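The values are calculated or read from the model by the stated rules, or taken from the named source; none is laboratory data. Predicted model, so just to flag it, every value in this text is computed and none were measured. Cβ atoms come from the backbone with ideal geometry, glycine included; neighbour counts cover every protein chain shown.
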Amino acid sequence: MGRTITFVEAPKRAVSLNQHATEIMLALGLEDSMAGTAFLDDEILLQYRMLIKKSRYYRINIPVRKYF
């Protein structure tokens with residue numbers, strides 16, 4: 001809102017905050033740049049499951065509606 005932010009270089013790590021962003025980052029080969037994931041509300045696509053299992057980043061598990 002009227003504020004300009006300039007970065008000297010691209011971020012080295014990122015947190016994906018939804019299922020689609022996680023799968024896109026994995027599809028782009030950015031698993032080593034992922035610092036964490038959150039809001040994975042469905043199974044990760046089969047071709048990315050092994051990457052998720054081998055990953056060394058933080059996962060936040062959020063309860064879904066069926067648990068309320």
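Can you tell me which residue in the stretch 25-35 is nearest to the chain's Cα centre (by Cα), limited to those that are surrounded by fewer than 17 Cβ atoms within 10 Å (Cβ to Cβ) and either aliphatic (A, V, I, L, M) or at pLDDT below 85 (or both)? Only one residue tops the list, namely 35.
Of the listed requirements (1) loosely packed, with under 12 Cβ neighbours inside 10 Å; (2) modelled with pLDDT under 80; (3) more than 10 Å from the chain's Cα centre (by Cα), residue 58 misses just one: (3). For residue 22, the criteria (1) modelled with pLDDT under 85; (2) touching a Leu at 6+ places or on another chain (Cβ under 7 Å) hold in every case but one, which is (1).
If you scan the stretch 10-57, which residues turn out to be acidic (Asp, Glu) and in a helix (DSSP H, G or I)?
23, 31, 32
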